[in-house]
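This report concerns only the one structure given below.
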Amino acid sequence: MTPYEKYRLRIPLRVRWAEVDLQGVVFNGNYLTYCDVCVTEYWRAIGMPYPAAFLEIGSDMFVRKATLEYHAAAVFDDELEVCGRTGRLGRTSLVFQVGMFRRGSTDSALIEGELVYVNVDPSTRATRPLPEALRQRIREFEPRSPEGERAHDAS
């Protein structure tokens, strides 16, 4: 479990009525939407707004794997902090970690997510190494360098 303090990016999000089921609990698929919002804001925060900045360097990113671990439910009108960080950089892929916390209760995440992104050529969709420009932006943004530059490679 990644502690709250390890996340530099923290996005406020209020659970809306359209996102909950009949019990008032966030419908499980919506957590992936929250993850996607977090990743989009992460790219913006490191100065690589998606998709324009990626296309400029001849890259695109595809999700290869998404895993969510549910610890507790978010409910209608909860104020959340959706937090994200790059946990690992591989040769052609990266692992993005997401923690969702109820605002003011940061001892444990409600939901933890791990998304494996693979870098591809936008024209051919063939896997290609992560561009050094992207690696550098991530290293500059993260309070500590992501784990093992080659430790996790999805290709």
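Read-outs: derived from the displayed coordinates by stated rules, not from any lab. This is a predicted model, so every value here is computed, not measured. Methodologically, a virtual Cβ is constructed for each residue, glycine included, from the backbone with ideal geometry; neighbour enumeration extends over all protein chains shown.
Of the residues 113, 99, the single one that is part of a strand (DSSP E or B) and within 27 Å of residue 55 (Cα to Cα) is 113. Out of the stretch 55-86, which residues are more than 30 Å from residue 23 (Cα to Cα) and surrounded by fewer than 20 Cβ atoms within 10 Å (Cβ to Cβ)? Once the filter is applied, which keeps residues that are more than 30 Å from residue 23 (Cα to Cα) and surrounded by fewer than 20 Cβ atoms within 10 Å (Cβ to Cβ), the stretch 55-86 yields 55, 56, 57, 58, 60, 62, 63, 64.
Here is a yes/no grid of residues against (1) surrounded by fewer than 14 Cβ atoms within 10 Å (Cβ to Cβ); (2) in contact (Cβ under 8 Å) with a residue 24 or more places away in the chain:
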| site | (1), (2) |
| --- | --- |
| 7 | no, yes |
| 11 | no, yes |
| 14 | yes, yes |
| 39 | no, yes |
| 43 | no, no |
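Among the residues of the stretch 69-83, those that are touching a residue at least 40 places away in the same chain (Cβ under 8 Å) and either assigned to a loop (DSSP other than H, G, I, E, B) or touching a Leu at 6+ places or on another chain (Cβ under 7 Å) (or both) comprise 71, 73, 74, 76, 77, 78, 80, 82, 83. Yes or no: the stretch 51-63 includes at least one residue that is assigned to a helix (DSSP H, G or I) and in contact (Cβ under 8 Å) with a residue 12 or more places away in the chain. Yes, there is a match, as at least one residue in the stretch 51-63 is assigned to a helix (DSSP H, G or I) and in contact (Cβ under 8 Å) with a residue 12 or more places away in the chain. Taking the conditions (1) within 15 Å of residue 137 (Cα to Cα); (2) among the aromatic types (Phe, Trp, Tyr); (3) crowded, with 19+ Cβ neighbours inside 10 Å in turn, residue 50 satisfies each one other than (3). The residue pairs whose first member lies in the stretch 86-109 and is in contact (Cβ under 8 Å) with a residue 12 or more places away in the chain and farther than 19 Å from residue 11 by Cβ, whose second member is part of a loop (DSSP other than H, G, I, E, B) and basic (Lys, Arg), and whose beta carbons are closer than 7 Å, counting only pairs six or more residues apart or on different chains, are 90/150; 91/150; 92/128. A count restricted to the stretch 1-43 and to residues that are in a helix (DSSP H, G or I) and of a type in the set (A, V, I, L, M, F, W, C) stands at 8.
Tallying residues that are touching an Asp or Glu at 6+ places or on another chain (Cβ under 6 Å) and over 17 Å from residue 98 (Cα atoms) within the stretch 14-63 yields 2.
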